[in-house]
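The structure appears right after this line, and notes come after that.
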Amino acid sequence: MPKLLAALGVLCLLLPGSVLCAHAAEAPAVSAASAVLLDAESGRVLYAKDENTPRAIASTTKLMTALVAAEYLDGDLSGRVEIQPEWTGIEGTSLYLEAGEEMDIKTLFYGLLLHSGNDAAVALAGICGGDVETFVGWMNQRAQDLGMTNTHFSDPNGLGDENHYASALDMAKLGAACLQNPTVAQVLATKTITLEGRQLTNHNKLLWQYEGCTGMKTGYTRQAGRTLVSSAQRDGQTLICVTLNDRDDWNDHKSLLDYGFANYPRRVLAREGEALAQVPLTGSLLHLVSVSARETVAYPLAEGEEVTAQLDLPHQAQAPVKQGEIAGGVRYLLDGREVGKTYLVWSGSAAQDVVGQRRVRSLLDFLRGDEQTAETVTA
């Protein structure tokens with residue numbers, strides 16, 4: 001448990017073992033032209049190298065294809081479709097779809113992410129958008145929604161031209177969104193599966209080589225070089241790693257993930273239901289009422305980083321109060337920058353002291369009556 005020091009309504013939170021002015025260990029050198037290591041829960045960037053430069057991304061494009069398709073289908077992959085001629089004969093890695101054959105959408109979806117089928121990408125675009133152009137428009141709109149400011153898609157599979165690109169940071173944002181979608185996340189974490197006679201094996205070797213890997217996507221073209229988006233989980237923390245144009249991507253991802261978990265562990269700043277303060281209470285038999293965090297707040301912190309908590313609460317409350325109702329809020333700051341917040345709610349209920357209030361009113365009425373009597377006698 002963090003130690004809380006209260007002073008003038010501001011809480012200073014010092015994590016156990018903290019040493020002020022300490023620094024994280026030196027980050028590993030990587031071969032990538034661009035790289036990012038991102039904490040998925042908080043969005044904190046733990047490592048960055050040329051992270052905002054737009055670059056070719058090859059088949060990691062299919063993360064956006066999968067996300068848009070899964071959202072359009074509302075996660076339902078149970079449909080069955082007839083393969084259209086325009087979905088076949090796509091160059092590069094392929095499921096070798098044949099016009100006129102029937103296939104489950106589930107097979108296309110797994111074929112997209114595990115086998116990296118370029119024809120599966122075009123098929124899903126056609127199924128969802130009616131045509132590739134419409135679907136690609138949705139991909140670009142979704143990129144804007146996610147704050148991917150250095151990204152543009154021109155196709156659903158990553159074979160694209162010079163107008164098809166993304167930055168490493170943008171791809172990390174996309175990876176975080178994919179993990180939040182249960183359908184996409186499940187497929188990305190699948191090592192191998194057999195569907196309709198097709199054995200599909202995930203190209204992401206980290207699923208076998210790195211403990212805690214939860215998936216993501218590989219890519220390669222001559223223009224892009226080797227591209228890789230990976231994710232891993234340890235002790236409740238999920239990290240996303242992206243490398244673009246990296247000849248040693250498997251080893252670089254292992255090194256960066258190890259670096260992140262070792263030097264920026266997830267620290268819980270407040271737990272759901274944890275009492276954080278007390279507020280004076282009037283109009284009740286209780287004189288104090290506790291407030292607790294409505295939800296858990298966590299953030300990755302390096303050794304020595306100090307977080308302060310600022311409480312927004314009334315100086316006193318008037319009964320009645322009801323358990324679970326919002327009493328105020330708390331903001332967590334690192335070097336003056338907000339890194340988390342949550343509402344504070346009443347930890348318990350406190351009824352109004354009706355009997356006590358009646359006694360007070362009666363006493364006041366009695367005293368006022370004596371004063372009137374005294375005035376009459378004097379007159």
Projected label distance in nm at residue 101 and residue 52, using a 7 Å step from Cα toward the beta-carbon: 4.7 nm
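If exposed trypsin sites (Lys or Arg not before Pro) are those in a DSSP loop with at most 13 other Cβ within 10 Å, what is the longest stretch of the chain that has none?
Working: sites that count: 191, 222, 247, 322.
It runs 1-190.
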Compactness relative to 2.2 N^0.38 Å, alpha carbon Rg of the chain: 1.38
Solvent-accessible area per residue for the chain (1.4 angstrom probe, square angstrom): 49 Å²
Filtered GluC sites (Glu not before Pro), the stretch 51-159: DSSP coil and at most 13 other beta carbons within 10 Å: 91, 98, 101
Exposure of residue 272 as accessible area (Å², to 10), given a probe of 1.4 Å and all protein chains: 130 Å²
Residue 165 accessible area, 1.4 Å probe, all protein chains in place, Å² to nearest 10: 70 Å²
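So, counting K/R as plus one and D/E as minus one, what does the shell of residues with Cβ under 11 Å around residue 116 add up to? Before the final figure, lay out the partial values.
Working: positive: 62, 217; negative: 119.
Net local charge, residue 116 excluded: +1.
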Relative contact order, percent, the stretch 285-338 [alpha-carbon distance under 8 Å, six or more residues apart]: 39 percent
Accessible area (Å², 1.4 Å probe, nearest 10) - residue 139: 0 Å²
Share, in percent, of DSSP beta bridges within the chain that are antiparallel, nearest 5: 95 percent
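Would you work out the charge dipole size for the chain about its Cα centre, treating the Cβ of every Lys and Arg as +1 and the Cβ of every Asp and Glu as -1, and quote it to the nearest 20 debye?
Numbers: 30 positive and 46 negative charges, 221 e Å.
Roughly 1060 debye, rounded to the nearest 20.
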Within the accessible area of the chain (1.4 Å probe), percent carbon and sulfur: 48 percent
Degrees separating the helix 118-129 axis from the principal Cα axis of the chain, which is the longest one: 50 degrees
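Grab the beta carbon distance between residue 308 and residue 272, set R0 = 22 Å, and tell me the FRET efficiency rounded to 0.05. Could the numbers behind the result be given before it?
On the way: r = 21 Å, r/R0 = 0.94.
FRET efficiency, residue 308 to residue 272: 0.60.
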Label-to-label distance, nm, for residues given as residue 325 and residue 290 (7 Å Cα→Cβ offset): 2.0 nm
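The values are calculated or read from the model by the stated rules, or taken from the named source; none is laboratory data. As the structure is a prediction and not an experimental result, all values here were calculated from the model. Virtual Cβ from ideal backbone geometry, glycine too; neighbours counted across all protein chains shown. Remember, those area values only see protein heavy atoms, side chains included, never the ligands or the DNA or RNA. Shrake-Rupley method; radii C 1.70, N 1.55, O 1.52, S 1.80 Å.
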